[in-house]
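Worksheet: the structure to be examined is printed underneath.
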Amino acid sequence: MTSTGLERVIVIGCGLIGTSIALALTRAGVEVALDDLDPHTLGQARSMGAGTALTEHTPLADLVVIATPPSAVVDTLYEAQARGLGRAYTDVASAKEHIWTEAELRGSDLQGYVPGHPMAGRELSGPAAAQPDLFAGRPWILCPYPGVEKEALAAVDALVSLCGARRTDMAPARHDRAVAALSHLPQLVSSALAAQLTDLDPEVLALAGTGVRDTTRIAGSDRRMWGDILAQNASAVADAVSRLADELASAAAELRTNGPSGGSALVDALLGRGNLGRSALLDAAPKTPVPTPLTPLTPKSAVPAPLTSLTPKSPVPAPARGPYGTLRLAPGRPTGPLPTFRPFQFQPTAGDPE
């Protein structure tokens, strides 16, 4: 038991993020059950001490963490809620607006679901790359629906704290624009730059210094995962790519026009703004000490009661699969009791963030 009252968590998806969350939680004394479509991936996570396998005997969880690829989040959420796996639900996808909208259209229980995104990762993938301190000191963005139950929000807030992260709340559209600039565009730029190296001779590549190695580091990331992420945030990423492409095209035209005989005011201005942007990025970094994930409490520590007010209620019909494709929970998992879905209609009001 932990000081947050978060006792049991189910993590669906045992990749880098899901396994890192599970490792942080088990280190903090939380009981974690794991699920993944790939038995080998699930076995790796279990062998690392991330938790036990989800079975029909797994108790109701205080929180279910959906750590699947972004395109699978809505289906997984819906089925997990229909099977009554937990009292509250969250995800870790790095695109939010499309999922935010689709979950409502699908008829998911929005009052028990808090969309989330931990701003942490590595260029490596899979459970073997997981680290229990991956989220220490990092922002963890939440995009809660209006009217979300306070107990669900408290459960996700406890998750953030136990992983040593810093909670930040944002509207989905603002989140997607922010991560397009800070994460998704850099990934594409790194990949595009690394792609220019494929035709160079090995003796030329051997001349490379830390600059090109640093700027192409994340080009080694899982291309299937990133293809899914970029597709889920396509509009914001496309806008960011267009702005950068226009900037580079203008610089290229200026360099061709002036050649080696004259300087370029436009290129000089770009380099100057680059200096300013780099300084602004460093200045915005948190100055407070980096927190560390919580450790298990001693038996004498006082703890609050577990989260219980989101216990599933009366049954509803099993979900139809419809046009959403194959659902993402492995077969043979718990089938009941089912929760009562409470449709929620969002009505924007003056002053709502974009």
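The values are calculated or read from the model by the stated rules, or taken from the named source; none is laboratory data. Note that this is a predicted model, so its numbers are computed, not measured. Note that each Cβ is placed from the backbone with ideal geometry, even for glycine, and that neighbours are counted across all protein chains shown. Accessible surface areas use protein heavy atoms only, side chains included; no ligands, DNA or RNA. Shrake-Rupley method; radii C 1.70, N 1.55, O 1.52, S 1.80 Å.
Let me check against my output: what whole-number percent is the relative contact order of region 1-127, with C-alpha pairs under 8 Å and at least 6 apart? Provide the component values of the computation, followed by the final result.
Numbers: 230 pairs, mean separation 34.0, N = 127.
Computed over region 1-127, the figure is 27 percent.
Modelled label positions at LEU270 and GLU203, each set 7 Å beyond Cα in the direction of Cβ, lie 3.2 nm from each other. For region 115-120, backbone phi angles converted through the Karplus equation (6.51, -1.76, 1.60; θ = phi - 60°) give residue-by-residue couplings of x, x, 7, x, 8, 7 Hz, Gly and Pro being listed as x.
Close amide H contacts of ALA53 (hydrogens built in the peptide plane, cut-off under 5 Å, sequence separation of 5 or more or a different chain): LEU34. Ligands, DNA and RNA left out, the accessible area of region 49-125 computed with a 1.4 Å probe is 50% carbon and sulfur. Rounded to the nearest Hz, the phi-derived 3J(HN,Hα) couplings of region 31-38 under the Karplus curve 6.51 cos²θ - 1.76 cosθ + 1.60 (θ = phi - 60°) are 7, 10, 10, 10, 9, 7, 5, 8, where x marks glycine and proline. Couplings for region 142-159, taken from phi via the Karplus curve 6.51 cos²θ - 1.76 cosθ + 1.60 with θ = phi - 60°, read 10, 10, x, 6, x, x, 4, 5, 4, 5, 5, 5, 5, 5, 6, 4, 5, 4 Hz in order; Gly and Pro are left as x.
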